[in-house]
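Accompanying notes for the structure given below.
The values are calculated or read from the model by the stated rules, or taken from the named source; none is laboratory data. Computed from a prediction, not measured in an experiment: that's the story for all the values here. Positions of Cβ are generated from backbone atoms using ideal geometry, with glycine treated the same way; all protein chains shown enter the neighbour counts. In case anyone asks, the SASA skips ligands and DNA or RNA and just uses the protein heavy atoms, side chains included. Shrake-Rupley method; radii C 1.70, N 1.55, O 1.52, S 1.80 Å.
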Amino acid sequence: LVGAGPGDPELLTLRAQRALAEADLVLYDALVDASVLDLAPRARRFYVGKRAGRHALAQREIERVMVRAASRGLVVVRLKAGDPFVFGRGGEEVLAAREAGIPVEVIPGVSSAFAAPASAGIPVTHRELARGVLVLTASPSDAYRSVLPALAHAELTVVLLMGLAARGEIASFLIEHGWAPSHPAAIVIGATTPRAFRWTGTLAELGAVDVPSGPPGVLVLGATVRLAAGAGLALPGVDFGGGEGAANIGESA
Ligand SMILES: C[S@@+](CC[C@H](N)C(=O)[O-])C[C@H]1O[C@@H](n2cnc3c(N)ncnc32)[C@H](O)[C@@H]1O
């Protein structure tokens, strides 16, 4: 069970690279860069991904294919975007393999939950601004609705995955539940890929931002958003490598 990282093939781990080189079969997701598959020259490769509700194969079917191939003695790499255990249903796949008596190695990956803000110059923790980071899914909405109202004034960075399409609804909900309209907010899309896009602003503005369609994105809420180059807060001695073309990030107006 291998994490492929957030997009840029250079963010794959060495161990992931080794596993791919040894694989007989690679089952991969939608968000995995095609060039990563070239690292598995011996393997047959199958797309089993899902994007926004469209599934190539149902979860149970993926588990069955994995188990069947491994039972036949094949070295199977289940290649998942980011980290396999961060909203990737990796846990279910490990359990399915374990139940079938198949040994599994879990190779962690660089999760978009951290890589997306980092690549946009947003530190998820920062002394005196954010004492922690909370990673949540926005789908279903219950996941954030049950937690965030209590955190309007917490010194936290909140990273919401799978919330891009619901950004307006999320912003309205939070403002209705005590979050300041001026709370710093960011959108990071296609992080670490050539289609990277970053927007920074406030919760009040979040719903009206036009975003490029296609690549997945995260929402980032918290004071550290303002540390990103060009986002408005100049801290003496802090430089996140802004300047021209920083990290391939295309900014909205
Ligand atoms: C099903 S989750 C899988 C997360 C993955 N396991 C990880 O650790 O990054 C898919 C969500 O991850 C986020 N995501 C994945 N890759 C991204 C990227 N390159 N830039 C921004 N967000 C990304 C988006 O929120 C997307 O909806």
Quick one: would you say Ala208 is more than 11 Å from the ligand (Cβ to nearest atom), farther than 16 Å from Gly7 by Cβ and either open to solvent by 10 Å² or more (accessible area, probe 1.4 Å) or among the aromatic types (Phe, Trp, Tyr) (or both)? yes
Take the residues of region 167-200 that are among the small types (Gly, Ala, Ser), touching a strand residue (DSSP E or B) at 6+ places or on another chain (Cβ under 9 Å) and on the phi < 0 side of the Ramachandran plot: which is nearest to the ligand (Cβ to nearest atom)? Ala191
Okay, strands (runs of 3 or more DSSP E) sitting entirely in region 37-139 with 2 or more residues that are away from the ligand (no atom under 16 Å from the Cβ) and surrounded by fewer than 21 Cβ atoms within 10 Å (Cβ to Cβ), I get 44-47
State yes or no: is Gly230 open to solvent by 70 Å² or more (accessible area, probe 1.4 Å), of a type outside the set (S, T, N, Q) and outside any strand (DSSP E or B)? yes
Kindly list, by first and then second residue, each pair from a residue in region 1-19 that is free of Cβ contacts under 8 Å to residues at least 40 places away in the same chain to a residue that is part of a helix (DSSP H, G or I) and more than 9 Å from the ligand (Cβ to nearest atom), limited to pairs with Cβ atoms under 6 Å and residues at least 6 apart or on different chains. Pro9/Ser35; Pro9/Val36
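Each row is one residue, and each column tells you yes or no for (1) within 25 Å of Arg127 (Cβ to Cβ); (2) crowded, with 21+ Cβ neighbours inside 10 Å; (3) of a type in the set (Phe, Trp, Tyr).
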{"position": "Ser146", "(1), (2), (3)": "no, no, no"}
{"position": "Ala150", "(1), (2), (3)": "yes, no, no"}
{"position": "Ala154", "(1), (2), (3)": "yes, no, no"}
{"position": "Met162", "(1), (2), (3)": "no, no, no"}
{"position": "Ala165", "(1), (2), (3)": "no, no, no"}
{"position": "Ala171", "(1), (2), (3)": "no, yes, no"}
{"position": "Glu176", "(1), (2), (3)": "no, no, no"}
{"position": "His183", "(1), (2), (3)": "yes, no, no"}
